[in-house]
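Single-structure report; data block below.
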Amino acid sequence: METTAADDPNSSSFVARLAARLPISPEFLKFLLVGGVIFVINQAALLLFYDILPVLPVRDRNFDFVLFTHPDIRLLLASALAVEVSIVFKFYALERWTFRDRPRRGWRPVRFLRFNASCIVGSVIIVATVNVLTPVFGISPYLSNTAGTLLGFSANWLFSTYLIWPLARSEASPG
């Protein structure tokens, strides 16, 4: 009979025990846990930039872009800054915990820039969701941010696992 980390009373890794009971990989579980923490950081940063700090333009101020006018430049800037703050924390957590056993290719600042670029799809989804749902439909920016985060999650997982911290070729191919 095969024993798993969940059955081993000496196993001290909560993530390993939980992953053994769930039909998902430990890395995916760690990715989800990091994502939960990052979501809280993102919401807190949005609150800070949008509602608390007086350093951004006032609310509901129109800003003319070349092709359109945005009805709340403060919301646009605050949501973009909140996403970038969360990306910095996410890179650090994924680098030091989730994917720490995977090989590293290149210098850490270059990996961070690649990671930041790989997050562009999820970031655009989040910022666009917030900046459509809130001004157009009157939905709270925090609920809009939650919806955008859920929409951008899949893109971030795919880019992170296949581009930034891919499995070594011997692990990825059978045999």
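Summary table below
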read-out	value
Helical mean residue ellipticity (222 nm; -39500 (n - 2.57) per DSSP H run of 4+; nearest 500) of the chain	-19000 deg cm²/dmol
Highest average packing first - 60-66, 19-25, Cβ atoms within 10 Å	19-25, 60-66
Val136 versus Leu150: modelled label distance in nm, points set 7 Å from Cα along the beta carbon direction	1.8
Local net charge near Gly36, Cβ-Cβ under 12 Å (Lys/Arg +1, Asp/Glu -1)	+2
Highest-first arrangement of 119-128, 97-106, where packing means the average Cβ count within 10 Å	119-128, 97-106
For region 87-166 and region 37-55, distance of Cα centres in Å	16
Cα-based helix-to-principal-axis angle, 108-118 vs the chain, degrees rounded to 10	60
Simple label model, 7 Å out from Cα along Cβ direction - Leu113 to Phe68, nm	3.0
Relative exposure of Lys90, Lys30, judged by other C-beta atoms within 10 Å (fewest first)	Lys30, Lys90
Calculated FRET efficiency for the pair Val124/Ile52, C-beta based, R₀ 22 Å, to 0.05	0.30
Cα pair count fraction exceeding 24 Å, expressed as % - region 25-167	34
Residues Glu27, Glu95 arranged by fewest to most Cβ contacts within 10 Å	Glu95, Glu27
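Values in this text are rule-based calculations from the coordinates and carry no lab data. For clarity, every value in this text was computed on a predicted model and none was experimentally measured. When we count neighbours, we look across all protein chains shown, and the Cβ atoms used for this are built from the backbone with ideal geometry, even at glycine.
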